[in-house]
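Notes follow the structure.
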Amino acid sequence: MKLFLKIIIIFFYSFSISAVDNVETEISTDNGIEVYQNEKFYLLKKNVKIKSESFSLNANDVKVNFNESLYDITELNANGDVDFKSVIFNMEGNGELLRFEVKNEKLKIEGIGSKIITEDIEMFSDGFIKVNNLNGKFSLKGENSKLINQNVLIIGESIDGIFSNNQDTKEISILNVK
């Protein structure tokens, strides 16, 4: 039995909470939702699909941590065939596991064939990819790690760097490759 919920939540990929007002979001799961009010989290179970005008997320299971209310999302953890897309930040990706810390604007995706693609940078790894949107730091670790920016291809088992926003594009300012 499929459960459909229409709720208003803050866009969990809003790297600047004030940048996105409340957005109507549709959530569907095959095995429903479990809310743990005292522990401040809820579980969306089996074949989770979250869709709104600003983002979409598909995964086998999703755990959402919140602060004051169900809509005050602090952290999101998704696992199993994770696929996400952010219209606002022109970002998409996929992997086996995804962790997003809303306040700190940290995104980590991991698993074989993981990727994060923005308008200017493509990141791939069979280990993990971490991006901190506040300070621009990023890290790719594991086999088949590579970063593509314009006409440059960088391959290594460890790629660390910092990107800066130069007008409307992301520009890599520091890069360390092993």
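Observations on the model:
- Failed condition for Leu70, given (1) in contact with a Phe, Trp or Tyr (Cβ under 8 Å, 6 or more places away or on another chain); (2) free of Cβ contacts under 8 Å to residues at least 24 places away in the same chain; (3) not in a strand (DSSP E or B): (2)
- Across the stretch 91-106, the number of residues qualifying as surrounded by 20 or more Cβ atoms within 10 Å (Cβ to Cβ), closer than 25 Å to Ser173 by Cβ and modelled with pLDDT of 90 or more comes to 1.
Here is a yes/no grid of residues against (1) farther than 23 Å from Phe55 by Cβ; (2) more than 15 Å from the chain's Cα centre (by Cα); (3) without any contact (Cβ under 8 Å) to a residue 24 or more places away in the chain:
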site: Val87; (1), (2), (3): no, no, no
site: Glu96; (1), (2), (3): no, no, yes
site: Val102; (1), (2), (3): no, no, no
site: Glu119; (1), (2), (3): no, yes, no
site: Asn132; (1), (2), (3): no, no, no
site: Ile154; (1), (2), (3): yes, yes, yes
site: Ser173; (1), (2), (3): yes, yes, no
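- Hey, Ile121 open to solvent by less than 60 Å² (accessible area, probe 1.4 Å), aliphatic (A, V, I, L, M) and at pLDDT below 95 or not: yes
- Residue check for Asn132: of a type in the set (S, T, N, Q), in contact with a strand residue (DSSP E or B) (Cβ under 7 Å, 6 or more places away or on another chain) and open to solvent by less than 60 Å² (accessible area, probe 1.4 Å): yes
- Filter result for the condition that a residue is over 21 Å from Asn104 (Cβ atoms) and crowded, with 17+ Cβ neighbours inside 10 Å, over Asp83, Asp61: Asp61
- Subset of the stretch 41-57 [farther than 20 Å from Glu122 by Cβ and not in a loop (DSSP other than H, G, I, E, B)]: Phe41, Tyr42, Leu43, Leu44, Lys45, Lys46, Asn47, Val48, Lys49, Ile50, Lys51, Ser52
- Restricting attention to the stretch 8-36, the residues that are at negative phi, modelled with pLDDT under 90 and not in a strand (DSSP E or B) add up to 13.
The values are calculated or read from the model by the stated rules, or taken from the named source; none is laboratory data. What you see is a predicted model; the values in this text were computed from it and never measured. Note that we place each Cβ from the backbone using ideal geometry, even for glycine, and neighbour counts take in every protein chain shown. Surface areas here come from the heavy atoms of the whole protein model, side chains and all, with no ligands, DNA or RNA. Shrake-Rupley method; radii C 1.70, N 1.55, O 1.52, S 1.80 Å.
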